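Take this structure first; my questions come after.
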2 protein chains.
Amino acid sequence: MTPDERESPPPGPGEQAAEGSGRKAERRGISRRTMLAGSLAALGMSALREARLAVAGLQEPADPTRVPGRPVSELGMRAPTESPRRVLRDGAQGVSLTPLQDLRGIVTPADLHFERHHAGVPAVDPERWSLLIHGMVERPRVFTLEDLKRLPSVSRLWFLECSGNGGKFYDFQADWSPQQIDGLTSTSEWTGVPLALLFREVGVDPAASWFLAEGMDAAVMARSIPLEKAHDDALIAYGQNGEAIRPEQGYPARLFLPGWEGNANVKWIRRIEVADRPFMTREETSRYTDPLADGSARQFSFVMDAKSTITFPAHPAILPDKGWWEIQGLAWSGRGRITGVEVTTDGGRSWAPARLQEPVLPRCHTRFRRLWNWRGDTALLASRATDETGYVQPTLKQLVAARGQGTQYHNNGIRVWRVQPDGRVFLEPEG
Amino acid sequence: MTPDERESPPPGPGEQAAEGSGRKAERRGISRRTMLAGSLAALGMSALREARLAVAGLQEPADPTRVPGRPVSELGMRAPTESPRRVLRDGAQGVSLTPLQDLRGIVTPADLHFERHHAGVPAVDPERWSLLIHGMVERPRVFTLEDLKRLPSVSRLWFLECSGNGGKFYDFQADWSPQQIDGLTSTSEWTGVPLALLFREVGVDPAASWFLAEGMDAAVMARSIPLEKAHDDALIAYGQNGEAIRPEQGYPARLFLPGWEGNANVKWIRRIEVADRPFMTREETSRYTDPLADGSARQFSFVMDAKSTITFPAHPAILPDKGWWEIQGLAWSGRGRITGVEVTTDGGRSWAPARLQEPVLPRCHTRFRRLWNWRGDTALLASRATDETGYVQPTLKQLVAARGQGTQYHNNGIRVWRVQPDGRVFLEPEG
């Protein structure tokens, strides 16, 4: 625990009833359970919840100390009363979003990591899989998965964000959750072999400057990557959160480019071709370029700029009572460490620093927290991240002024949440 | 990537065949797949693997680039060709062990976190659950789960180890894996409310010095904990790796005491009683004390001493070929950060420093790695951890000399793996 966390002000004495805020809230007629369960709650008890408890063998009156519990198991399962889920969008081949508002800390469970595919999740047999490295190299070579796993490995906690994350903000709805707006970002501990090591094995031509990364999905996703990223920190990754990468994250192996837009982190990678120029693939010409207001475009805009978003309170959370609440959210930057996050509760008239969860890791989600004494009136909440390069997260207005509305990529504008006097929270149109 | 990782020597040019080590190994007549699949492999292709691929809809000859992949999903699943599992021991109510030899990095997936129960996993309804804090306090109080979640929270990556971990070493078998010997340790990102904050809420009597933590399982697990641990870093934890704590880890909430023996981290916690002396429960008198050689005993031996174990190469891994291999393992200490891990390949005649995976976090698994050029003869591998207090992991002989063989708790002796000329690896009787 860091010193500043020990010094956090506790909730004020009068702010929390001795019998618990939930029960106090019920006296006011609004409780989170009531609101979330919707019409089912009118029955006095959620039928859905009853069903879940029944499935789990949870008998309501049972005293757990009177009956032996269930035995140990080879593989654990979530509690039947917990059901975090990705939200699907843009059809079956498209997108699934991480439930940011349901998560704690910085690690995203692997089965909740966002997805973005161009032709679905291919079924790849790891024993038939291989990676060819060729082009401007001395010794072209095919690496099997066993070859890669034998080589020195690296593991790091890094975020991965789709460059389209937040792009829907231009036509957002007020009742969207953090997941629905910005759920195309997740953090895992990635393990793999440094691409620099593979390039030493094959002997890259000193005149080379780019490489092509090609996937084995039905879209044959291909992107050109500057060679220097390989010398910096790129991996061929085969591990995620301690285990094998999940199929939807590129099993058995993917390119991983810390801090760079998700699309360039080619999944199910099968081929790398080294060259002295970019290849101008579909995904870096007609797509994944950022049209600017003046008619020109940003191309190869790989790095994800600093960004943050409040995950609580945010829709669909409901504050059942005024008083002390802990505002929480995530901040990250493709350029390194987050050095600060400021929080406003008055729509940007005043900002105050949030605490950052230690350790603050480069190119990794950083959780921020700030206690807030809600007085029960309308409040406008927002967060603003700064990274170690001094870059400050812009407002949406500043972003549009710089780039126009022609692109849905790299939308890292400040998001604003309106807390209503009834405790409900909605997304504001502009940060 | 840290500088020392960039400077790692690559595999020697002559050590790896261009067509991949796996294929070379098959020519020698030993491959990992053959050994692992056992008799099924005699059919030329593992029937089990075929069955798994069939279930997954993986058709062997299919070119994944020619067919659309499966759609996005609300919840991911592992690849059908991957099946990490906990190993069960001591009956259904007892123990399940984390597959250390199958994991990468430091994060343990929540469904592979070890289990140790005294009466199974109770089914607890989170809406009926509450935590009573009473005894030597000014304002006894019942906290609901909603109350706890409203309070300021902390998230940290911490290991959790059962004090019985490695205790089976005294009657080990040579063909045990790291999982079977030392699999009662795991690392998660834990989230919860500092117990110190709850104690401020209830107003602890200045004369108090201990508290009782009591669970709501059928064993009604209860332990006495010194009050100072609450002031240091103890949590009432409700989150694990980003999501709600799993049922077998104490859902909906448990006591978490960073660096202290697992048993004291009471799961399904329902009651805390503050007092001015320990309660002398069954679990701290007849159990979880360490009998010493002289007939006395260590009681309240909470802190887990520094320990490390090699996870590769270790049984059942088989080295198909001599040459460069990356020795890997985990080190941890209940007293803070690991400051160094040394590795020997000659049974302790010489030791060399391993690289430590960054960031090195206090009271957290730390992965170590060291490249090793295996010459194909018998080798004795071991690791030795040092923590920030200067404590050095002892040999098993040193441990027995100090404590006798009367206890199975707190066995942090050095483990030795014998690599045979045929590439098979077995546990040695003594470190």
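The values are calculated or read from the model by the stated rules, or taken from the named source; none is laboratory data. Note that the structure is a prediction, hence the values are computed from the model and not measured. Note: ideal-geometry Cβ built from the backbone for every residue, glycine included; neighbour counts use all protein chains shown. Side chains are part of the model used for accessible areas, which takes the heavy atoms of the whole protein and leaves out ligands, DNA and RNA. Shrake-Rupley method; radii C 1.70, N 1.55, O 1.52, S 1.80 Å.
Which value, in Å², gives the accessible area per residue of chain B when a 1.4 Å probe is used on the protein heavy atoms?
Result: 36 Å² of accessible area for each residue.
Could you calculate the FRET efficiency of A:A297 with B:L380 from 1/(1 + (r/R0)^6), where r is the beta carbon distance between them and R0 is 60 Å, rounded to 0.05?
Here the calculated transfer efficiency is 0.45.
Just to confirm the numbers: B:G390, label point 7 angstrom along the Cα-Cβ line, distances to the other copies in nm, shortest first?
Nearest first, the other copies' label points are 4.4 nm away.
So if R0 is 35 Å, what FRET efficiency would A:S286 and A:D175 give, r being the distance between their Cβ atoms, rounded to the nearest 0.05?
The computed FRET efficiency comes out at 0.60.
Let me ask something else about it. Cross-link partners among lysines for A:K322, C-alpha distance below 25 Å, same-chain residues fewer than 8 apart left out?
Within the straight-line limit of under 25 Å, A:K322 reaches these lysines: A:K24, B:K149.
Between B:D90 and B:D232, what is the label-to-label distance in nm when each label sits 7 Å out along the Cα-to-Cβ direction?
Computed distance between label sites B:D90 and B:D232 equals 2.4 nm.
Answer with one residue from A:G164, A:I414, A:G390: the one whose Cα lies farthest towards the positive end of the charge dipole of chain A, charges on Cβ with Lys, Arg +1 and Asp, Glu -1.
A:I414
With each pseudo-label sitting 7 Å past Cα toward Cβ, what's the B:A401-A:V142 distance in nm, one decimal?
5.6
Considering only C-alpha atoms, what is the centroid distance from segment A:148-183 to segment B:354-376, in Å?
29
Where Rh is the Kirkwood radius over the Cα pairs of chain B, the temperature 25 °C and the viscosity 0.890 mPa s, what D in µm²/s does Stokes-Einstein return?
104
Then there is this: Compute accessible area for segment A:170-191 by itself and then with all protein chains, 1.4 Å probe, and report residues whose area falls by 20 Å² or more.
Going by heavy-atom accessible area, the residues of segment A:170-191 that drop by at least 20 Å² are A:E189, A:T191.
With a 1.4 Å probe and every protein chain kept in, tell me what percent of the accessible surface of the protein assembly as shown is carbon plus sulfur.
About 52 percent, which is the carbon plus sulfur part of the accessible surface.
Output, in nm with one decimal and in ascending order, the distances from the A:V67 label point to the matching label points of the other copies (7 Å from Cα along Cα-to-Cβ).
The answer, with the shortest distance listed first, is 4.5 nm.
Related question: Other chains near B:275-286: what is the mean number of their Cβ atoms within 10 Å of each residue's Cβ?
For peptide B:275-286, the averaged partner shielding equals 0.
Considering every pair of different Cα atoms, what Kirkwood radius, in Å, is found for segment A:378-431?
When all Cα pairs of segment A:378-431 are included, the Kirkwood radius is 12.4 Å.
Have a look at segment B:124-148 and report residues whose accessible surface goes down by 50 Å² or more when the remaining protein chains are included, against the chain on its own, probe 1.4 Å, ligands and DNA/RNA excluded.
B:D125, B:E127, B:R128, B:R141, B:E146
Determine the sum of side-chain charges near B:A207: Lys and Arg each +1, Asp and Glu each -1, restricted to other residues whose C-beta is under 11 angstrom from that of B:A207.
Charge balance near B:A207 sits at -1.
Additional query: Translational diffusion coefficient, Stokes-Einstein: compute it for the protein assembly as shown using the Kirkwood radius over C-alpha pairs as Rh, at 37 °C and 0.692 mPa s, and state it as an integer in µm² s⁻¹.
In µm²/s, the coefficient rounds to 116.
Which FRET efficiency value, to the nearest 0.05, do you get for A:D346 and A:R277 by plugging their Cβ-Cβ distance into 1/(1 + (r/R0)^6) with R0 = 41 Å?
0.20
How much accessible area is lost when chains A and B come together, counting both sides, with a 1.4 Å probe, in Å² rounded to the nearest 100?
In total, chains A and B hide about 10200 Å² from solvent.
Between B and A, which B residue has the Cβ nearest their rotation axis, distance in Å?
Result for the axis mapping B onto A: B:P359, 3.
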